[in-house]
Every structure is written in C-alpha cells, then in structure tokens.
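The values are calculated or read from the model by the stated rules, or taken from the named source; none is laboratory data. What you see is a predicted model, and the numbers here were worked out from it, not measured in a lab. A quick note on method: Cβ atoms are made from the backbone with ideal geometry, for glycine too, and the neighbour counts reach across all protein chains shown. Surface areas here come from the heavy atoms of the whole protein model, side chains and all, with no ligands, DNA or RNA. Shrake-Rupley method; radii C 1.70, N 1.55, O 1.52, S 1.80 Å.
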Amino acid sequence: MDFNQYQKEALKTDSYGGKGEITSLAFINKLLGLVGESGEVAEKFKKIYRNNNGVMSLEEKDLIIKELGDVLWYLSVISNYLEVPFSEVAKKNIEKLRDRLERNVIKSAGDTR
Ligand SMILES: [Mg+2]
C-alpha cells in the first residue's frame, strides 16, 4: 500500500469527515490524537523497560506495531487537513534526511541544519 492509498483509506475512518480548518475542533482532535498515540508508543516501551529490563515479547511487539499504526493514521489525516498528499510528507522527509547525510550533519542538532 502506498502512502496516498493509505491516506485515502484512513480518511474514510475520520469521524470528523477528513477535513477542516486548523482552528477547527476536528483538527485539534487530530493534533491531540497524534500526541496521545505517540505517548502510547512510549508507554508501551516504558513498561517493557520497567517490567522486563527491555526484553520485549512478541505480544508486546504486536501491541507496539498497532500503536505505531495509530500514529501513522494521525500523520496521514493531519496531512490531508493541510491539503498535502501523504506521499509528499514522506518524500520531503527522505529528501531532508538524505541531504543531511550527504552534508554529514545527520547527527547534529537543529531543525533546519
Ligand atoms: Mg492507540
């Protein structure tokens, strides 16, 4: 499944209809959802570290995969609210990282390096 196809399918499950201004309740819901789901990923790992010294079971790995999918959903839907194809987000991210790698600043700090 490519990024745009995923975005199209994800939008079908947005209870707010898949679009809205960035000041809308629908968009704010997406921002909060992204943060919440990212937190769920971190929480799963926290418990793996705390309860089992970082040894992850297959069941825990499966739960993390599901939470990563939830993050993906919010990213794709937020992209649509910005009227950006999800493939463009992916493409620009890889271009940015490749550029940093080529300039040997991949390990540096700063958003605009
Ligand atoms: Mg979740």
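It is to be established whether one or more residues within the range 6-25 are part of a helix (DSSP H, G or I) and within 16 Å of the ligand (Cβ to nearest atom). Within the range 6-25, one or more residues are part of a helix (DSSP H, G or I) and within 16 Å of the ligand (Cβ to nearest atom). Here Ser79 fits the description: within 25 Å of Phe3 (Cβ to Cβ), touching a Pro at 6+ places or on another chain (Cβ under 9 Å), part of a helix (DSSP H, G or I) and not hydrophobic (A, V, I, L, M, F, W, C). Search the range 27-46 for residues that are more than 13 Å from the ligand (Cβ to nearest atom) and pair each with any residue that is of a type in the set (Asp, Glu) when their beta-carbon atoms are under 8 Å apart and the residues are at least 6 apart or on different chains. Listed by first residue and then by second, the contacts come to Phe27/Glu21. Do we have Lys66 as open to solvent by less than 90 Å² (accessible area, probe 1.4 Å) and either among the charged types (D, E, K, R) or touching a Pro at 6+ places or on another chain (Cβ under 9 Å) (or both) here? No; evaluated as a whole, the condition is false for this residue.
Answer yes or no: is there a residue in the range 5-14 that is more than 12 Å from the chain's Cα centre (by Cα) and surrounded by fewer than 11 Cβ atoms within 10 Å (Cβ to Cβ). The answer is yes; a qualifying residue exists. Comparison of Val84, Val105 shows that the only residue that is surrounded by 11 or more Cβ atoms within 10 Å (Cβ to Cβ), in a loop (DSSP other than H, G, I, E, B) and under 15 Å from the mean Cα position of the chain (by Cα) is Val84.
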